[in-house]
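One structure below.
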Amino acid sequence: MQTLTDKEAMDWCKQWPLKFEFDSEGSLCPFTDGKAYRVDISKMQWRDLLPTATSVAFLGSRTGELFCGGLVWIRRMGITSPDWERVALRTLERFRMGYGENRSIEVARAHLFRNDESSDVATVLLLAMLAEWDTIFVPPSGDWVAFIGHNDHITVNAKSAEIAEDLRPSLETWGPTTSTVPRTFY
């Protein structure tokens, strides 16, 4: 794992093959020609959050051997209970120290993972879900983006309707999906 500042994460997202665009406030813009699905996780049992985080990490991979890595970018914190957030933040800080990262999460909020770090991606996604942080997961292909929102939703925005339909069966294992395209991702 490598940690990145917001600027470094934005630069990574703008490179080929991703070529993502951001609005004037630095929020990731969704694919305009694509399709998005939203899953409500508000009624999900806490025990189901770990398999859900792992499923987000492996979304589109089909098997662990096909996992390609990706970027987990915590975009906004300080939204929910300060007590819960302190626990998740402390755990994430210790996790990052294991990689030799001593900068605060406020300085480097993005985490870039290699293809052999799938469990680590799931770990950071799980902490983001538990703390209800607005978080983006971007696979290196750039075929889709997953947004985990503090409002108990996971939104997956795909580049094309074909990619979205390919991902939909995996998304439906988390619960019913609704088709929606957000304005921006935090």
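No other residue among Val39, Val56 is crowded, with 20+ Cβ neighbours inside 10 Å, β-branched (Val, Ile, Thr) and not in a strand (DSSP E or B) apart from Val56. Residue pairs whose Cβ atoms lie under 7 Å apart, separated by 6 or more positions or on different chains, with the first residue in region 1-29 and at negative phi and the second among the polar types (S, T, N, Q), are Pro17/Ser141; Asp23/Thr184; Ser27/Thr184; Leu28/Thr184; Cys29/Thr184.
Residue-by-condition table, conditions (1) surrounded by 14 or more Cβ atoms within 10 Å (Cβ to Cβ); (2) charged (D, E, K, R); (3) at pLDDT 85 or above:
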site	(1), (2), (3)
Gly26	no, no, yes
Gly34	yes, no, no
Thr63	no, no, no
Arg96	yes, yes, yes
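For region 71-94, the tally of residues that are exposed (fewer than 12 other Cβ atoms within 10 Å of the Cβ) and not small (Gly, Ala, Ser) stands at 5. When Leu66, Leu50, Leu28, Leu18 are screened for being among the aliphatic types (A, V, I, L, M) and closer than 17 Å to Gly149 by Cβ, only Leu28 passes. A residue that is touching an Asp or Glu at 6+ places or on another chain (Cβ under 8 Å), more than 21 Å from Ser118 (Cβ to Cβ) and not basic (Lys, Arg) occurs nowhere in region 53-71.
A single entry from Asp48, Asp83 fulfils the requirement of being among the charged types (D, E, K, R), within 15 Å of Leu130 (Cβ to Cβ), under 18 Å from the mean Cα position of the chain (by Cα) and assigned to a helix (DSSP H, G or I): Asp48. A single member of Glu93, Glu117 is touching a residue at least 40 places away in the same chain (Cβ under 8 Å), charged (D, E, K, R) and out of contact with any strand residue (DSSP E or B) (no Cβ under 6 Å at 6 or more places or on another chain), and it is Glu117. Entry remark, region 1-20: residues being in contact with a strand residue (DSSP E or B) (Cβ under 8 Å, 6 or more places away or on another chain), within 28 Å of Glu165 (Cα to Cα) and assigned to a loop (DSSP other than H, G, I, E, B) number 2 in total.
Quick one: is Met97 closer than 24 Å to Ile41 by Cα and aliphatic (A, V, I, L, M)? No; evaluated as a whole, the condition is false for this residue.
The values are calculated or read from the model by the stated rules, or taken from the named source; none is laboratory data. Remember, it's a predicted structure, so these values are computed and weren't measured experimentally. Glycine also receives a Cβ, built like all others from the backbone with ideal geometry; neighbour counts cover every protein chain displayed.
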